[in-house]
Each structure stands twice: as C-alpha cells, then as structure tokens.
Amino acid sequence: MYQAEFRELIALMEGKSQSQIVRVLEAAARQAAGAAGRDGAAYLTAVLVLRDYVLGGYYPMVANGRC
C-alpha cells in the first residue's frame, strides 16, 4: 500500500547530503505518524529505521529510484 510513497521518498533523498536526508525522513515520519493501520505502522517503522541509519553516520546510496 505504501510502496509508491516509499519510492517517492527514496527519490527525494537522491543527491542530498546526510543532514538533508535526515530532514526529509523526519518530515516523512511526521506525515506517516497519522497513518492508520498495520501498513501505516510498517511504513513509519521503515522511515524511522532509515532515519536512524543515517543519523548513525551511514549514507544511503540512492540511484535510479533504488536505495
């Protein structure tokens, strides 16, 4: 259900610095926090895990819409 949103999120991260990526992910997490149901919770979890990965000093490689 959230596959399209996740792909859009990945596209937003492409070519950005780590600090910019964190801001993108935090904005996505705020939006996803209001989503209802199991799929919304799974999407929120994926966004937060990716945010924590970047905050941990890792840089996600994004190319052609893939992370």
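The values are calculated or read from the model by the stated rules, or taken from the named source; none is laboratory data. Quantities reported herein were computed from a predicted structural model and do not represent experimental measurements. Reconstructed Cβ throughout: ideal geometry from the backbone, glycine too, with neighbour counts over all protein chains shown.
Filter region 2-11 down to the residues that are in a helix (DSSP H, G or I) and either surrounded by 15 or more Cβ atoms within 10 Å (Cβ to Cβ) or aliphatic (A, V, I, L, M) (or both) and list them by number.
Here is the first cut: in region 2-11, the residues in a helix (DSSP H, G or I) are 3-11.
The answer is A4, E5, F6, L9, I10, A11.
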Quick one: Y53 ticks every box in (1) touching a helix residue (DSSP H, G or I) at 6+ places or on another chain (Cβ under 8 Å); (2) modelled with pLDDT of 90 or more; (3) not aliphatic (A, V, I, L, M) bar one, so which box is it?
-> (1)
Please identify the pairs in which a residue from region 25-46 that is hydroxyl-bearing (S, T, Y) has its Cβ atom under 7 Å from the Cβ atom of a residue that is outside any helix (DSSP H, G or I), counting only partners at least 6 apart or on another chain.
-> Y43/Y2; Y43/A35
Going through region 46-60 in order, the residues found to be surrounded by fewer than 12 Cβ atoms within 10 Å (Cβ to Cβ) and assigned to a helix (DSSP H, G or I) are V49
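Kindly provide the set of residues from region 12-41 that are assigned to a helix (DSSP H, G or I), hydrophobic (A, V, I, L, M, F, W, C) and surrounded by 15 or more Cβ atoms within 10 Å (Cβ to Cβ), ordered by number. So that I can check it myself, show each step before the final result.
Just the residues of region 12-41 that are assigned to a helix (DSSP H, G or I), to begin with: 12-13, 18-32, 37-41.
Still in the list and also hydrophobic (A, V, I, L, M, F, W, C): 12-13, 21-22, 24-25, 27-29, 32, 41.
Those that are assigned to a helix (DSSP H, G or I), hydrophobic (A, V, I, L, M, F, W, C) and surrounded by 15 or more Cβ atoms within 10 Å (Cβ to Cβ): L12, M13, I21, V22, V24, L25, A28, A29, A32.
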